[in-house]
Amino acid sequence: RLLGAGRLRRLATVDLPLMAPGLAAGAGLVMLSTMKELPATLLASPIGFRTLSTQIWNTYEALFLPEMAILAMVLLCISAVLTWLLVVRQSEHLR
């Protein structure tokens, strides 16, 4: 008992609000892991064909974390440049 509150009331007023950010972050991580494009790449690519995503996954599984970080940064930079080009093209189209 906490200041006269029962278990259910304590759960609803204290415990759940404190757990909410962690639960939301966990749900976000689960969503990201299920929606990433690696499964599609693995299904669509020919046998023996290595993509950047599969190489990142292989280095992660082999625990070559520095190499994985470099490859992930390459993928991030490529994505950032392509996104920037799309934004510039879209803004020019709107003028």
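Listing for the model above:
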| read-out | value |
| --- | --- |
| Binned Cα-Cα distance frequencies in the range 45-95 - 5 Å width, integer % | 4, 19, 18, 15, 14, 10, 9, 6, 4, 1 |
| Those chymotrypsin sites (Phe, Trp or Tyr not before Pro) in the range 42-71 that DSSP places in a loop and that have at most 14 other beta carbons within 10 Å | Phe49, Phe64 |
| GluC sites (Glu not before Pro) within the chain: DSSP coil, no more than 16 neighbouring Cβ in 10 Å | Glu37 |
| Label point distance in nm, Arg10-Ile47, each placed 7 Å from Cα along Cα→Cβ | 5.9 nm |
| Computed over the chain, Kirkwood Rh from alpha-carbon pairs, angstrom | 17.7 Å |
| Estimated dipole of the chain in Debye, rounded to 20 [Cβ of Lys and Arg +1, of Asp and Glu -1, Cα centre] | 540 debye |
| Acute angle (nearest 10 degrees) that the helix 16-35 long axis makes with the longest principal axis of the chain, alpha-carbon atoms | 20 degrees |
| Most mobile of Ala24, Ala44, Ala12 in a GNM of the chain (Cα contacts under 10 Å) | Ala12 |
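Values quoted throughout were computed directly from the atomic coordinates according to the rules given, and no laboratory measurement underlies them. In this text, all values refer to a predicted model and were calculated from it rather than measured experimentally. All Cβ positions, glycine included, derive from the backbone under ideal geometry; neighbour counts span all protein chains shown.
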